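Right, one structure below, let's go through it.
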Amino acid sequence: MTAATPAMTIDQLKDAAKAIRRLIIKITTEAGSGHPSSSLSAVEVVTALYFGGFMRHSKANPRDPKRDRFILSKGHAVPVLYSALCHAGYYTFEEIMTLRKLGSPFEGHPNMKRLDTMEASTGSLGQGLSLGLGQALACRLDGLDAHTYVMMGDGEMGEGQVWEAIAAAAKYKTGNLTAIVDQNGYQQTGSTHQVLDLTPFAPKFEAFGWHTQTINGNSQEEVVAALTAARKITDRPTAIISQTKKGFGILPVLETTGDLNYHGKPLSKELAEKALALLA
Amino acid sequence: MIFTMAGTTPTSNANIGALSGLKLGKATRDAFGTALKDLGAEFPNVVTVDGDVGNSTRTEVFAKAFPERGFNVGIAESNMVGVAGGLAAAGKIPVVSSFAVFLLANAYDQIRMSVAYPGMNVKLVGSHAGISIGEDGASQMAIEDFAVAAALPGMTVICPADANSTKAAVRAMIEHKGPVYMRCGRIEVPEIYPADTKFEIGKANQVRDGKDLTIIATGLMVGIAIDAATLLAKDGITARVIDMHTIKPLDEAAIIKAATETGRIVVAEEHLMAGGLGSAVASVVVKNKPVPMEFVNVGDTYAESGDPAGLLQKYGLTAEAVVAAAKKVRSR
């Protein structure tokens, strides 16, 4: 049976976030590829969801129908999810250190066929919110009070399907659905402002009929407050515009590289050591 | 300016099966909608997800009977398929329908990532497939749906030939665990099967026996193939006709048996040559029992607006075209 996970205090969450960041650095550097900076921006939200008392989940029965769901639509940031699940005791450090290696279920993007903790197989951007809406509708049909969270990237918001899902969720008034936009300001080839500027996000969601909050998504306090407020909205879907920094936690290290986007590449062993020292 | 095209002789009715004494029945899309509604109580997890063409695909019949289980997400096929993936992940059996071309071409990435790759128990039903939809023209005609659906690992692809087999196919599709694509047509087709017929995924039906060649057909072309067999019989040629209602997984045993026993094969489908039933059958024949083959299909072109019978005639999907292919394959 899925039970509510005991909520950590803010200080405990901050320690957990730091530990999860260390895991992200270690596993992506070991893999020699991946998206650590995209993972690091999302840490406070993922930490709060899994350790802050928001997600009811169970290691004994990961697919319990009564569980709360988290769909990582920006699937390339999956190291944050593997690391959080490792920190929660689902997987050992040795297991997640096989990230991206042949034969490992810890693939470069989430694969729900190989890991029962993954709520969706993502990696083609734009699809997670539709999947979350489907889960939310099914839970409502079944009379379950389960909540579904979907995290998207700000670059991902360029996909038309996201806006189809936003409109449909508003139509169906899915109060059991929360979208989180990890607005870290960058996408593959540059800043989102340069590539395709869809800001401000909140008024767009509001125009469709969503409840919105815009927060500093790297503030553990603000994340917990926003997720708490989101659960109180039950008559319509809610969006949390989580303004973050890509690579948050190791920004001084990224600054030395001259690349604050640092998209889709792991830290070298030397940089990883410096980053881990920062996160000690 | 108006680009001139070769004219056709319009006829109001395709009259498929008339030569063989078959009675015209319902369109497969109509049989689908009714069958789905009839199964609604028995399968409480079945839900429908529509892209605002439920009155064309006939899922509205189900949605009217079970309004809380029918979702219309508007003209947004990508989201439609994604929502179905999420519903399936939570244990529902979503039946997603649209015009086949909009379902498979517009939402292909979603079918791949949110349905096929994770092995979701989603049923994709494409209506208005083939050129026989008629006057709406090429933009609405799925002629590549077998190719793109069957290309996806784990996808089952079926295409029932008449109303009674469609009814049975809907049950088989719902009872099957995993993603299925079912093709339906818009126009009325002849009754080939009795009301109590069964539909076994992956098991072809021999609907006529013969020894001189085998015509392997699917969907609308099954009735046309039966007419071709009737015409060939007048020339003393007996044709076996196989309804290959499952495009994937293919009934290889039936194909090898046909090649072995009749020595000649014609494949007839309302689809492009590329990636269709013909290609799939040919790969089985070449590998196991090479025999001469001919193909009756849309070829490598888009069709156009027109009446269904005129289109079938212009694009070579007639009993006469199948007879010509049969005679050609016999001459080799």
* Structure fact -> With criteria (1) farther than 18 Å from B:R183 by Cβ; (2) surrounded by 19 or more Cβ atoms within 10 Å (Cβ to Cβ); (3) touching a residue at least 24 places away in the same chain (Cβ under 8 Å), B:N15 comes up short on (2)
* Asked: Is at least one residue of region B:189-212 farther than 19 Å from B:E320 by Cα, among the aliphatic types (A, V, I, L, M) and in contact (Cβ under 8 Å) with a residue 60 or more places away in the chain?
  -> yes
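When you go through A:A136, A:A167, A:A225, A:A179 one by one, which is the residue that is within 14 Å of chain B (Cβ to nearest Cβ) and surrounded by fewer than 22 Cβ atoms within 10 Å (Cβ to Cβ)?
Numbers: A:A136 fails: surrounded by fewer than 22 Cβ atoms within 10 Å (Cβ to Cβ); A:A225 fails: within 14 Å of chain B (Cβ to nearest Cβ); A:A179 fails: surrounded by fewer than 22 Cβ atoms within 10 Å (Cβ to Cβ).
Result: A:A167 is the single residue among A:A136, A:A167, A:A225, A:A179 that is within 14 Å of chain B (Cβ to nearest Cβ) and surrounded by fewer than 22 Cβ atoms within 10 Å (Cβ to Cβ).
So which residues in region A:16-35 are assigned to a loop (DSSP other than H, G, I, E, B) and surrounded by fewer than 19 Cβ atoms within 10 Å (Cβ to Cβ), if there are any at all?
If the condition is that a residue be assigned to a loop (DSSP other than H, G, I, E, B) and surrounded by fewer than 19 Cβ atoms within 10 Å (Cβ to Cβ), then A:G32, A:S33 are the ones that fit.
Output the residues belonging to region B:258-277 that are in a helix (DSSP H, G or I) and small (G, A, S).
Applying the first criterion (in a helix (DSSP H, G or I)) to region B:258-277 yields B:258-262, B:277.
Within region B:258-277, B:A258, B:A259 meet the criteria.
Looking only at region A:140-161, count how many residues are facing chain B (nearest Cβ under 9 Å) and touching a residue at least 40 places away in the same chain (Cβ under 8 Å). First the steps, then the outcome.
So the first thing to find is which residues in region A:140-161 are facing chain B (nearest Cβ under 9 Å), and the list is A:141-142, A:144, A:146, A:148, A:159-161.
Those left that are additionally touching a residue at least 40 places away in the same chain (Cβ under 8 Å): A:142, A:144, A:146, A:148.
Qualifying residue count, region A:140-161: 4.
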* Go through region A:101-123 and count every residue that is in contact (Cβ under 8 Å) with a residue 12 or more places away in the chain and either among the β-branched types (V, I, T) or at the interface with another protein chain (Cβ under 10 Å from one of its Cβ atoms) (or both). => 9
* To do: Considering (1) under 26 Å from A:D259 (Cα atoms); (2) within 14 Å of chain B (Cβ to nearest Cβ), say which one A:M97 fails and leave the rest.
  => (2)
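Out of all the residues in region B:131-145, is one or more of a type in the set (D, E), touching an Asp or Glu at 6+ places or on another chain (Cβ under 8 Å) and farther than 30 Å from B:P194 by Cα?
Initially, region B:131-145 is screened for residues of a type in the set (D, E), giving B:135-136, B:144-145.
Among the residues that remain, those that are also touching an Asp or Glu at 6+ places or on another chain (Cβ under 8 Å) are: B:135.
Pick out the ones that are also farther than 30 Å from B:P194 by Cα and you get B:135.
Yes, region B:131-145 has at least one match.
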* Asked: Does A:M112 qualify as being over 22 Å from A:G32 (Cα atoms), under 15 Å from the mean Cα position of the chain (by Cα), at pLDDT 95 or above and among the aliphatic types (A, V, I, L, M)?
  -> no
* Structure fact -> Scanning region B:53-80 for residues that are within 11 Å of chain A (Cβ to nearest Cβ) and either aliphatic (A, V, I, L, M) or closer than 17 Å to B:F99 by Cβ (or both) gives B:N72, B:V73, B:G74, B:I75, B:A76, B:E77, B:S78, B:N79, B:M80
* Hey, could you check region B:47-70 for residues that are touching a helix residue (DSSP H, G or I) at 6+ places or on another chain (Cβ under 6 Å) and outside any helix (DSSP H, G or I) and say which is surrounded by the most Cβ atoms within 10 Å (Cβ to Cβ)? => B:V49
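Mind checking which residues of region A:46-63 are within 13 Å of A:D145 (Cα to Cα) and not basic (K, R)?
Going residue by residue through region A:46-63, those that are within 13 Å of A:D145 (Cα to Cα) are A:54-56.
Answer for region A:46-63, where residues must be within 13 Å of A:D145 (Cα to Cα) and not basic (K, R): A:F54, A:M55.
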* **Of all residues in region A:105-132 being closer than 18 Å to A:P65 by Cα and touching a strand residue (DSSP E or B) at 6+ places or on another chain (Cβ under 6 Å), the one that is surrounded by the most Cβ atoms within 10 Å (Cβ to Cβ)** => A:L131
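Rundown of residues vs (1) away from every other protein chain (no Cβ under 14 Å); (2) without any contact (Cβ under 8 Å) to a residue 60 or more places away in the chain; (3) in contact with a helix residue (DSSP H, G or I) (Cβ under 6 Å, 6 or more places away or on another chain), yes/no style:
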site: B:L87; (1), (2), (3): no, yes, yes
site: B:L104; (1), (2), (3): yes, no, yes
site: B:V115; (1), (2), (3): no, no, yes
site: B:A129; (1), (2), (3): yes, no, yes
site: B:G134; (1), (2), (3): yes, no, yes
site: B:G137; (1), (2), (3): yes, no, no
site: B:I143; (1), (2), (3): yes, no, no
site: B:A150; (1), (2), (3): yes, no, no
* Kindly provide the set of residues from region B:170-185 that are under 11 Å from the mean Cα position of the chain (by Cα) and either surrounded by fewer than 24 Cβ atoms within 10 Å (Cβ to Cβ) or aliphatic (A, V, I, L, M) (or both), ordered by number. => B:M182
* Among the residues of region A:76-107, how many are within 15 Å of the chain's Cα centre (by Cα) and in a loop (DSSP other than H, G, I, E, B)? -> 0
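The values are calculated or read from the model by the stated rules, or taken from the named source; none is laboratory data. All values derive from a computational prediction rather than experimental measurement. Glycine also receives a Cβ, built like all others from the backbone with ideal geometry; neighbour counts cover every protein chain displayed.
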